[in-house]
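The values are calculated or read from the model by the stated rules, or taken from the named source; none is laboratory data. Model, not experiment: these values are computed from the prediction. Note that each Cβ is placed from the backbone with ideal geometry, even for glycine, and that neighbours are counted across all protein chains shown. Heads up: the accessible areas ignore ligands, DNA and RNA and are worked out on the full protein's heavy atoms, side chains in. Shrake-Rupley method; radii C 1.70, N 1.55, O 1.52, S 1.80 Å.
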Amino acid sequence: MATDATDSAATLRVLRRDDWDKWYDTLIRAFGGVPEATEERELWNSLTEFDRSIGVWDGDDCVGTAGAFSFRLAVPGGASVRAAGVTMVCVAATHRRRGVLTSMMRRQLDDVRSWGEPLAVLTASEPAIYGRFGYGAATFQLNAEVDTSRVRLSSLPEGTDAVRVRYAVPADVLDVCESVYARLPSRPGLLARLPGWERLGLLDPESEREGASPLQCVLAERDGETVGYARFSVKPGWETAGPEGTVVLRDSVALDPAADAALWRFLFGIDLTSKLVIRGRPVDDAWQYMVSDIRRCQPRLRDSLYVRPVDVGAALEARTYQTPVDVVFEVEDTFCPWNAGRWRLSGDAKGASCERTADAADVALSVRELGAAYLGGVSLAALQAAGRVRELRRGAVAEASVGFGAGVTAPWLPHGF
């Protein structure tokens, strides 16, 4: 299959197992060429789904890569929806602007549709690229650098003192941690952990520690039951005035507010440290409201999960809606034209239907905006204010915006892929 007329020598094909090293080397080079640790490379090799991965080849040279993991994504209402986790996408610098990326995105979305998966999701190295293919930023993550020498936890929920925190060897308690993750309350954006993915939390190549310790772990326990865990490293530091170490949080989950607070109290109070680096947390993380001085925590937002409806009707039917919604969307989707046209969405907190209609449209938007709003973290009203959504029936955007809300918790992607 030729990628396009300007690059007729290149062919696109499903990845073969004996081509993986060359395929993956192309990806590494596209992201700077720094070799990965053996353990990291082996992990991604084991997680690669070969029949869902494609490459573009120019003779014996791999010049483009793309893959799609088989995920289940939590959506508003608690359902776990099949989604293609788009990953490992690159084009060799020698073959840019020849249609290579477009050909892979075309093939991939056609495949996702044929697999019956209503959603495609990704994390973007360059967000501007993927909007062209209908992906919208649907979740955001909170990052922070807390000056723990000057910021304290001034408020803790009831029951925090009843939670015990103890050290554990990360590999020894992997199954325990995974059982906690599996019991997390449903939150839009959460990925169901498939076999093999638990190893991602233990990935700790020495070359990427930047002077920090090997991975450490603590468990939060109540009455003999594990109710949370945190994985982190510590980077020692010393100044004339004394110790100035840094705690780097890698991963933390808890089953209830008290367990969560007990973990944060531990992280804020580690001896010989004065900074806590936080990455990839939910935008509504409770620690923000426990601290004595949020400004000295330097909170920052960053885009995280991008969502693309591959089957508009199935995607909108798969989730529920906070308040009753009855709205006709005029959807623009030039890249996946089977989605284009008018769809009537009728739904509430119990369920929804979304079908083709000839009725007059109430709201006009592209599939990109629909993807951005899908998990409830981005408001249709805000997108309208930005000129990205058009209201055709007075009050329709406000009605849909309230219904599309995520519910009690903000959407959150717990880890990358």
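Miscellaneous remarks
- Protein-only accessible surface at a 1.4 angstrom probe places the residues Trp238, Trp338 in the order Trp238, Trp338, largest first.
- Residue by residue, segment 180-190 carries 3J(HN,Hα) couplings of 5, 4, 5, 9, 4, x, 4, 9, x, x, 5 Hz when phi is fed to the Karplus relation 6.51 cos²θ - 1.76 cosθ + 1.60 (θ = phi - 60°); x denotes Gly or Pro.
- Fraction of accessible area attributable to carbon and sulfur, the chain (%, probe 1.4 Å): 49 percent
- Of the trypsin sites (Lys or Arg not before Pro) in segment 76-128, those whose Cβ has at most 13 other Cβ within 10 Å and which sit in DSSP loop: Arg96, Arg97
- Within segment 14-53, the GluC sites (Glu not before Pro) that combine a DSSP coil assignment with at most 15 other C-beta atoms in a 10 angstrom radius are Glu49.
- Taking the chain as a Gaussian network of alpha-carbon nodes connected by springs under 10 Å, the highest mean-square fluctuation of the residues Ser346, Ser154, Ser252 belongs to Ser154.
- Projected label points at Glu49 and Glu244, each 7 Å from Cα along the beta carbon direction, are separated by 4.7 nanometres.
- The slack between Ala182 and Trp338, meaning 0.36 nm per residue of separation minus the straight C-alpha distance, is 52.6 nm.
- Sequentially through segment 34-45, phi angles give Karplus couplings (6.51, -1.76, 1.60; θ = phi - 60°) of 6, x, 8, 4, 4, 5, 6, 4, 5, 4, 5, 5 Hz, Gly and Pro residues having no value and appearing as x.
- For segment 134-148, Karplus couplings with θ = phi - 60° (6.51, -1.76, 1.60), whole Hz, Gly/Pro x: x, 8, x, 5, 10, 10, 10, 10, 9, 10, 7, 10, 8, 7, 6
- Comparing Gln298, Gln141, Gln384 in a Gaussian network model of the chain, where Cα atoms under 10 Å apart are tied by springs, the biggest mean-square fluctuation is seen for Gln298.
- Backbone amide hydrogens, once placed in the peptide plane, bring Val389 within less than 5 Å of Gln384, excluding anything fewer than 5 places away on its chain.
- Accessible area expressed per residue, the chain, with surrounding protein chains retained (probe 1.4 Å, Å²): 45 Å²
- Anchor Lys235: aspartates and glutamates whose Cα lies under 18 Å away (excluding residues fewer than 8 positions away in-chain): Glu145, Asp147, Asp204, Glu206, Glu208, Glu210, Glu244, Asp251, Asp271
- Solvent-accessible ranking of Arg344, Arg29, largest area first, probe 1.4 Å: Arg29, Arg344
- Spin-label model distance (nm) - Arg150 vs Ala314, 7 Å beyond Cα toward Cβ: 5.3 nm
- Whether segment 324-404 is rounded, prolate or oblate, judged on the alpha carbon gyration tensor where a/c under 1.5 counts as rounded: rounded
- A straight chain from Ala360 to Arg199 at 0.36 nm per residue would run longer than the Cα-Cα distance by 52.9 nm.
- Largest GNM mean-square fluctuation among Asp348, Asp175, Asp333, using the chain with Cα springs under 10 Å: Asp175.
- Every Cα-Cα pair of segment 195-295 was included, and the share exceeding 21 Å stands at 40 percent.
- Of the trypsin sites (Lys or Arg not before Pro) found in segment 160-200, those in coil by DSSP whose Cβ has at most 11 other Cβ atoms within 10 Å are Arg183.
- Shown is the FRET efficiency for Arg16 and Val408, computed with R0 = 56 Å from the Cβ-Cβ distance and rounded to the nearest 0.05: 0.75.
- Per residue, the convex hull spanned by the Cα atoms of segment 155-222 amounts to 161 cubic angstrom.
- Model label points for Arg295 and His415, set 7 angstrom from Cα along the Cα-to-Cβ axis, are 3.8 nm apart.
- Length gained when the stretch Ala9-Glu39 is fully extended (0.36 nm per residue, less Cα-Cα span): 7.3 nm
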